[in-house]
Amino acid sequence: MTVKGFIMEDDHGKEFVVVCEKPYRQPGKVFALRGWQRRRMVPLQCTGQELRQITGGVLMTLDDLCQSLRSV
């Protein structure tokens, strides 16, 4: 089974997608962050500070998910 991504919503109702992508030049996987509107991915348009806040929130949420799965 493969995880292709997660759809997340912040406290302001803005939705984001964390996507697992295969890189073209390196083996392994790369995670990409995209916006999510009307069931499709869109480029994120935000400042560097906003991007850092979004990324921090995504990391905390994924960590909470992993912790929950470990206790199951």
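The values are calculated or read from the model by the stated rules, or taken from the named source; none is laboratory data. Just so you know, these numbers come straight off a predicted model, no measurement behind them. We place every Cβ from the backbone using ideal geometry, glycine too, and count neighbours over all the protein chains shown.
Would you list the strands (runs of 3 or more DSSP E) that sit entirely within the chain and hold 2 or more residues that are on the phi < 0 side of the Ramachandran plot, in contact with an Asp or Glu (Cβ under 6 Å, 6 or more places away or on another chain) and not charged (D, E, K, R)? Working first, answer last.
On the way: elements: 5-9, 15-21, 30-37, 40-42.
Per the criteria, 30-37.
When the residues of segment 8-34 are narrowed to those that are among the small types (Gly, Ala, Ser) and at pLDDT below 90, which ends up farthest from ASP64 (Cα to Cα)?
Of all residues in segment 8-34, those among the small types (Gly, Ala, Ser) come to 13, 28, 32.
The next check asks that each one be at pLDDT below 90; those that pass are 28, 32.
On the way: GLY28: 24, ALA32: 19 Å.
Per the criteria, the residue is GLY28.
Given the structure, is THR2 surrounded by 11 or more Cβ atoms within 10 Å (Cβ to Cβ) and among the hydroxyl-bearing types (Ser, Thr, Tyr)? It would help to see each step written out before you state the result.
Numbers: surrounded by 11 or more Cβ atoms within 10 Å (Cβ to Cβ): no; among the hydroxyl-bearing types (Ser, Thr, Tyr): yes.
Taking the combined requirement at face value, the residue does not satisfy it.
Name, by its number, the condition in (1) of a type in the set (Ser, Thr, Tyr); (2) surrounded by 12 or more Cβ atoms within 10 Å (Cβ to Cβ); (3) at pLDDT below 90 that does not hold for SER71.
(2)
Quickly run through segment 33-54 and pick out the residues that are within 23 Å of THR2 (Cα to Cα) and surrounded by 14 or more Cβ atoms within 10 Å (Cβ to Cβ).
Of everything in segment 33-54, those that are within 23 Å of THR2 (Cα to Cα) and surrounded by 14 or more Cβ atoms within 10 Å (Cβ to Cβ) turn out to be LEU33, ARG34, GLY35, TRP36, MET41.
Within the set of pairs 6 or more residues apart or between chains, which connect a residue that is closer than 15 Å to LEU62 by Cβ inside segment 1-15 to a residue that is of a type in the set (Ser, Thr, Tyr) with Cβ atoms less than 9 Å apart?
If the second residue must be of a type in the set (Ser, Thr, Tyr), the pairs left are PHE6/THR61; MET8/THR61.
It is to be established whether one or more residues within segment 27-39 are without any contact (Cβ under 8 Å) to a residue 12 or more places away in the chain and touching a Lys or Arg at 6+ places or on another chain (Cβ under 7 Å). Before you say what the answer is, go through the steps one by one.
Step one: filter segment 27-39 for residues without any contact (Cβ under 8 Å) to a residue 12 or more places away in the chain, giving 27-30, 38-39.
Next, only the ones that are touching a Lys or Arg at 6+ places or on another chain (Cβ under 7 Å) stay: 29.
Yes, because at least one residue in segment 27-39 is without any contact (Cβ under 8 Å) to a residue 12 or more places away in the chain and touching a Lys or Arg at 6+ places or on another chain (Cβ under 7 Å).
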